[in-house]
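Data block below; observations after.
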Amino acid sequence: MSTHCTWVIGSGGLLGSSVARELRRRGHRVRTSAIPWADHESAKSRLLQECTDFFDVTGEDSWNIVWAAGAGVNGTTADQFALENELVTDILTKVSTVAGERRGNGTFFLASSAGGVYAGSTGAPHNEATQPVPLGDYGRAKLDSEAIAQDFGVRTGIDVVIGRFANLYGPGQNLGKPQGLISHLCRGYLMASPVSIYVPMDTLRDYLFVTDAAEMVADTLELPPPRSSSPMTKIYASGSAVTIGSILGACRTVFRRRPNVVLAASPLAAFQGRDLRLRSTVLTDIDRRTHRTLPAGIASTLHATRQALAAGR
């Protein structure tokens, strides 16, 4: 039985860290890398060297590369997104060179954003056949990265899986980013500070707890080949949408007090879809699971946020 060797790029982030833990739990040989993302040229140099080192140690074992990196959010400039996607191109060019005869043994998994690519789409619930209609540079950049991965898969024959993720939440959210409503609500509760909300209370979102997402990614990577014709796109979601008002109600249950929120205006609201219900029609066996309930997920996020604040993070 072959061993899975998996390199998780972006292992310091919300999804990447959870995927790395889950794969280790399942016995994968997981490689992570400390990448100096703030310096583009240094990041490129480190990634290319890490790629060479990764394939030097995989031997005849099957391999996976999970790209879960990316600091861009709504409001990030198109030029910054272009630099992020340039790194995706660089690493895939390197993979096509160093994978050599082991190409048929590997999978490249790219984490993308359902909210970004379907922000302006109509006819929810959206599935993989829905026409993507991004409303801003964030969604357009995600589609660009998907196109880079798809071209790589067609050109090399290496399996490519593009994961379009619902709103992820849970321990490990970067509170320095202007995203992650549940984590910011938890922080606001603990710090007794108001949290601004820029979208209507009836806005619909699919919230997926990050460990559930990681298990779904691991299940995908462990499916025996061929999973399907490559490249493949799959939506990773809970399949249950909730309104922003419902999230505030669940937070009130967990906090035992009303969340301190302020309804505000922001130009970023223009990039937010009103109805982002999601329903995958690809690899549906992976979706048949019991997802963490919203109150339980909020409680877990609150506990982790309390610990992070106590540690000064």
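Every number here is computed from the coordinates shown, using simple stated rules; none is lab data. Everything numeric in this text was worked out from a predicted model, so none of it was measured. Quick reminder, even Gly has a Cβ in these numbers, built from the backbone with ideal geometry, and neighbours come from all protein chains shown.
A few remarks follow.
- Shape category assigned to the range 12-85 from the gyration tensor of Cα positions, a/c cut at 1.5: oblate
- Cα gyration tensor, the range 36-132 - rounded (a/c under 1.5), prolate or oblate: oblate
- For a modelled paramagnetic label at residue 199, 7 Å from Cα along Cα-to-Cβ, the residues of the range 33-74 in reach, with backbone nitrogen under 15 Å, are 73-74.
- Within the chain, the selection of entire DSSP H helices by a Cα span of 20 Å or greater along the long axis and an average Kyte-Doolittle value of at least 0.5 returns 294-310.
- R0 of 25 Å, Cβ-Cβ distance residue 127-residue 240: FRET efficiency to nearest 0.05: 0.95
- GNM flexibility winner over the chain from 210, 57, 133 (Cα, springs under 10 Å): 57
- Annotation for residue 252 and residue 190: the two label points, set 7 Å from Cα along the Cα-Cβ direction, are 2.4 nm apart.
- Between residue 222 and residue 154, the contour length at 0.36 nm per residue exceeds the alpha carbon distance by 22.4 nm.
- Using the Cβ of residue 248 as centre and a radius below 13 Å, the other residues enclosed give a net charge of +3, where K and R count +1 and D and E count -1.
- Sites matching GluC sites (Glu not before Pro) across the range 20-78 that sit in DSSP coil, with at most 15 neighbouring C-beta atoms within 10 Å: 60
- The range 4-310: C-alpha gyration tensor shape, a/c 1.5 cut-off, then a/b vs b/c: prolate
- Under 13 Å of direct C-alpha separation, and excluding same-chain neighbours fewer than eight residues apart, residue 234 reaches these aspartates and glutamates: 128, 146, 219, 285, 287.
- Residue among 206, 159, 144 with the largest mean-square fluctuation in a Gaussian network model of the chain, springs linking Cα atoms under 10 Å: 144
- GNM result for the chain, Cα springs below 10 Å: residue of 98, 66, 117 fluctuating most strongly: 98
- Partner aspartates and glutamates for residue 44 [C-alpha distance under 13 Å; skip if fewer than 8 residues away on the same chain]: 84, 86, 90
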